Structure formats: structure tokens, C-alpha cells
Amino acid sequence: MREDGPRWHPQLLAREDPPAHWVMLGARHEVAGTIELRRTDDGPRYRVEYGGQLIGWATSLKVAAERLHRAIISAPVPGGGINGS
């Protein structure tokens, strides 16, 4: 069987509602971040926001979803994780 790379992509975690507005949920099923398609002077761009803060812009939904997913999984776990206080 030929391996063409991973079959899963963070974009699959993004839920679109309303059109051109995607959200990703955190571990506790709360909105962790958003991606919005915007028209700019340079053409369409995806605005990526995590925890209410702008973390960047992307030229594709794929890249925007990857950036947001990385921010979500790199965030510290509340309470210090499973062994935290």
C-alpha cells in the first residue's frame, strides 16, 4: 500500500457556521479559536484568532487551520495537566 502522507488534517476539526467563519473547539468543547475569510487589498485572506487574540493571517484555509490547531495543542493545560494541582 502506497503512503501519500497523513489522511487526517486539522481542517477537519473546523466547523463552518455561518459561511466563511470557522471555529475550533478546545478539549472542554469551548470555542478555542476562529478563522474568518476576509477580503483585503491583496485578495482573500484567512484571519486566525486564538483565545480572542489575532495570531496571524493565511492565504489558504489549510494553512489557517494548521496554525490554529498548533496554537490549541501547544497551549498550557489548565491546572497543569493530569498530574497538576
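Taking the listed residues 63, 23, the one that is assigned to a helix (DSSP H, G or I), modelled with pLDDT of 80 or more and among the β-branched types (Val, Ile, Thr) is 63, with no other qualifying. Total residues in segment 40-57 satisfying the condition of being among the hydrophobic types (A, V, I, L, M, F, W, C) and either crowded, with 18+ Cβ neighbours inside 10 Å or part of a helix (DSSP H, G or I) (or both): the figure is 1.
The residue of segment 3-20 that is modelled with the lowest pLDDT, among those that are surrounded by 10 or more Cβ atoms within 10 Å (Cβ to Cβ) and part of a loop (DSSP other than H, G, I, E, B), is 9.
The values are calculated or read from the model by the stated rules, or taken from the named source; none is laboratory data. Just so it is clear, the structure is predicted and the values come from calculations on it, not from any experiment. No Cβ is skipped: glycine too gets one built from the backbone with ideal geometry, and neighbour counts run over all protein chains shown.
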